[in-house]
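First up is the structure itself, then whatever we jot down about it.
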Amino acid sequence: MPQHSTVTLAVDRAAPDPAAIAEAAAVLRGGGLVAFPTETVYGLGGAALDPAAVAAIFAAKGRPATDPVIVHLAAADDLPLVAASIPTAAAALARAFWPGPLTLIVPRRDVVPAAVTAGLPSVAVRVPAHPVALALLRAAGTPVAAPSANRFSRPSPTTAAHVLAELDGKVDVVLDAGATDVGVESTIVDCTVEPPVIRRAGGITREQIAAVLPEIAMVTTNGSAAHAQLAPGQLLRHYAPSAPVTVYAGEADAVVRRIAAEARTQAASGHRVGVLAPDEVLTALAPALAAAATHGRIAVAALGRRAAPDEAARRLFAALRSLEADRVDVILATGPEGAGLGAAVWDRLRRAAEGRVIQA
Ligand code: TXA
Ligand code: MG
């Protein structure tokens, strides 16, 4: 894998500097790697039809070859470049939600290198809504394969600093346009099965998709190895910070009691404790955490109001990284209400916890 210096180019998200975009596009056309902002998270891009560039993406991330990557297009009209056919449901969803945080799985054309799709006969495609991503895709003039720009199994990056923390020296250019908008990845809908199924909760909610496709189903993964083969990339260990995470679900008062008790126990045994929760939960926990802090160190990260899951989505990955930077030994977490983007937030929390979910 090339080890060299990474160039960071600051770009205005509303009016991306054409010179910076042209420089990054030339790197992509030359087979290099460019990390760029999308409306969801930062992506690690390489020319999708160039097997060597695709191999470089997997090497930089330390990603297993069994985990396929998403191909990004400048416009829905480009779908025939990578799709062998366009299922009716895919056409309807593309019309409704592109550009936007929705990925569609469609039959793959042979020009798409097998490495992109991990050998599957299908390919995952999306048209992102971020002005910088769109400018880059147009200038590159090629489909761009881009997983999230983090090392394998780590939290996804929502800022350029998160990208550099893990990929400095492994990527040629980082386009820095500040924090991303949505904060969790795109929703993935498999349109190669009938009826189509949601394979990953994300930036477009199930309710939004059902308004276009009433027959849509939701896949609930258990993260087992057998299941992972049917739904690649849906491994339970994902988005994991360095400290083990435990998630508490259930009625708010009961969650507060369980987290308070666990924080006290952990602090008393000399551990640094991180607490990740909506504002109201942190307020209710404040006296218990202050008491626990007399024994050990407590760090908190706020997800915003319980009733604002979109705010929790925006903050989630940065919050996990901030607790990591506080060098906590354990993270006790709970989420916002489950409606709308709440489903995607709970899915990421559950995976960050590798399935350690306690019903309070
Ligand atoms: O928002 C996003 O989707 C971000 C930005 C950068 O666009 N990208 C992203 O990519 O989250 P990544 O690689 O972290 O997740 C891609 C996931 C894979 O792990 C896998 O679950 C699924 O997409 N996937 C890709 N191709 C597939 C295929 N042919 N069949 C089934 N699942 C596929
Ligand atoms: Mg990822």
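The values are calculated or read from the model by the stated rules, or taken from the named source; none is laboratory data. Being a predicted model, the structure only gives us computed values, none of them experimental. In this analysis, Cβ positions are derived from the backbone assuming ideal geometry, glycine residues included, and neighbour counts consider all displayed protein chains. Each accessible area value is taken on the protein alone, full model and side chains, heavy atoms only, with ligands, DNA and RNA left out. Shrake-Rupley method; radii C 1.70, N 1.55, O 1.52, S 1.80 Å.
What order, most packed first, do the peptides 180-189, 7-16, 63-72 have when packing is the mean number of other Cβ atoms within 10 Å of each residue?
Details: 180-189: 25.7, 7-16: 15.8, 63-72: 20.3.
Going by the mean number of other Cβ atoms within 10 Å, highest first, we get 180-189, 63-72, 7-16.
By the gyration tensor of its Cα atoms, with a ≥ b ≥ c the square roots of the eigenvalues, what is the shape of the stretch 86-188: rounded for a/c under 1.5, prolate for a/b over b/c, or oblate? Write out the running numbers ahead of the final one.
Details: a/c = 1.80, a/b = 1.44, b/c = 1.25.
Because a/c hits 1.5 or more and a/b exceeds b/c, the stretch 86-188 counts as prolate.
Here the relative contact order of the stretch 245-359, from alpha carbon pairs under 8 Å that lie six or more residues apart, stands at 37 percent.
Do you know the relative contact order of the stretch 7-218, to the nearest whole percent, from alpha carbon pairs under 8 angstrom that are 6+ apart? Walk me through the numbers before you get to the answer.
Values: 493 pairs, mean separation 65.4, N = 212.
Contact order relative to length: 31 percent.
The three principal axes of the Cα atoms in the stretch 7-218 give end-to-end lengths of 46, 32, 31 Å, sorted in falling order. Ligands, DNA and RNA left out, the accessible area of the chain computed with a 1.4 Å probe is 56% carbon and sulfur. Roughly how many Å is it from the Cα centre of the stretch 237-279 to that of the stretch 1-35, as a whole number? After rounding, the separation between the Cα centres reads 39 Å.
Averaged over its residues, the stretch 245-359 has an accessible area of 41 Å² per residue, based on protein heavy atoms and a 1.4 Å probe. Using a 1.4 angstrom probe, figure out how much accessible area the stretch 7-218 has per residue, in square angstrom, rounded to the nearest whole. Averaged over the residues of the stretch 7-218, the accessible area is 34 Å². Extending 7 Å from the Cα toward the beta-carbon at both Ala165 and Ala52 defines two label points whose distance is 3.3 nm.
The accessible area of Tyr239, taken with all protein chains in place and a 1.4 Å probe, comes to roughly 10 Å². Ordered from highest to lowest accessible area with the whole protein assembly present and a 1.4 Å probe, Thr294, Thr159 read as Thr294, Thr159. Computing FRET efficiency as 1/(1 + (r/R0)^6) for Ala75 and Arg297, where r is the C-beta to C-beta distance and R0 is 41 Å, gives about 0.20.
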